[in-house]
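The values are calculated or read from the model by the stated rules, or taken from the named source; none is laboratory data. Because the structure is a prediction, the values reported are computed rather than measured. Note that we place each Cβ from the backbone using ideal geometry, even for glycine, and neighbour counts take in every protein chain shown. The protein model used for the area step is the full one, side chains on, heavy atoms only, and it has no ligands, DNA or RNA in it. Shrake-Rupley method; radii C 1.70, N 1.55, O 1.52, S 1.80 Å.
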Amino acid sequence: MSTPAPFSRIKIRTGALLFCGNEVALIRRDRPDSVHYTPPGGNVEAGEDLLAALRRELAEELALDTAHATEPELLWVVDQRVSRPGSTPPPRKIHLLYRLHISEDTRATLATEEHDLQEDGSHEIGVIEWVDYRKTADLPIFPPIGQALAILPNPRAAVEDAALPAVTDDNYSWV
């Protein structure tokens with residue numbers, strides 16, 4: 001059996017831009033050589049509804065019952081075609097980023113850490129940080145949405161184009 005070509009498989013990832021006032025929840029991952037942030041979320045499982053996947057991921061990562069949030073609104077789509085370390089060819093990944101809002105009372109009930117199961121059975125611990133969305137432009141966020149996020153006039157502002165620039169080997173290096 002031959003090895004699939006890079007980007008010949010497609011994965012869909014749902015992510016949340018979860019706002020509480022002017023702050024947005026991001027997961028900070030501290031690695032030996034780098035630190036980066038990701039919006040809460042994860043891959044859609046085979047046959048799973050997109051919003052069901054988003055709700056499942058928010059429950060798993062933040063202990064959020066989305067009944068206590070605004071209805072998810074698709075904000076941005078990011079097409080990722082980036083080579084990465086490892087023995088398997090990288091998939092093409094489509095990131096669907098949804099915006100939700102919660103109250104301070106709901107925020108007080110959420111997890112402060114996320115435990116991401118690794119292939120070897122260990123867990124990588126991510127810290128949930130609440131960051132002023134206007135200060136995200138220079139943060140190492142993946143997918144790289146920091147600049148688009150920082151220029152929103154307000155957390156509920158409409159966007160003209162949901163398609164953000166594609167992330168490719170030409171404009172991104174895996175960290």
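Remarks
- Residue match in the range 108-128 (condition: within 20 Å of residue 14 (Cβ to Cβ) and either hydroxyl-bearing (Ser, Thr, Tyr) or assigned to a loop (DSSP other than H, G, I, E, B) (or both)): yes
- Hits in the range 134-155 - residues which are touching a residue at least 60 places away in the same chain (Cβ under 8 Å) and either open to solvent by 90 Å² or more (accessible area, probe 1.4 Å) or over 16 Å from residue 24 (Cα atoms) (or both): 134
- A Cβ distance below 8 Å, combined with a sequence gap of six or more or placement on separate chains, defines the contacts here; from the range 1-27, residues that are closer than 28 Å to residue 157 by Cα and modelled with pLDDT under 85 reach no residue that is outside any strand (DSSP E or B) and open to solvent by less than 10 Å² (accessible area, probe 1.4 Å).
- Residues in the range 134-164 that are of a type in the set (Gly, Ala, Ser) and in a loop (DSSP other than H, G, I, E, B): 137, 157, 158, 162.
- Number of residues in the range 1-23 that are open to solvent by 80 Å² or more (accessible area, probe 1.4 Å) and in a strand (DSSP E or B): the value is 1.
- Residue in the range 68-80 that is part of a loop (DSSP other than H, G, I, E, B) and either within 24 Å of residue 123 (Cβ to Cβ) or among the β-branched types (Val, Ile, Thr) (or both) present: yes
- Within the range 156-172, the set of residues being open to solvent by less than 60 Å² (accessible area, probe 1.4 Å) and within 24 Å of residue 87 (Cα to Cα) comprises 166, 167, 168, 172.
- Remark: pairs (first residue in the range 75-88, over 18 Å from residue 17 (Cβ atoms); second residue open to solvent by 70 Å² or more (accessible area, probe 1.4 Å) and of a type in the set (A, V, I, L, M, F, W, C); Cβ separation under 8 Å; 6+ apart in sequence or on different chains) = 82/174; 83/174; 84/174; 85/174.
- Residue list for the range 58-68, restricted to those being out of contact with any Lys or Arg (no Cβ under 6 Å at 6 or more places or on another chain) and either over 13 Å from residue 16 (Cβ atoms) or open to solvent by 20 Å² or more (accessible area, probe 1.4 Å) (or both): 59, 60, 63, 65, 67, 68
- From 102, 94, 128, residue being within 19 Å of residue 30 (Cα to Cα) and open to solvent by less than 50 Å² (accessible area, probe 1.4 Å): 128
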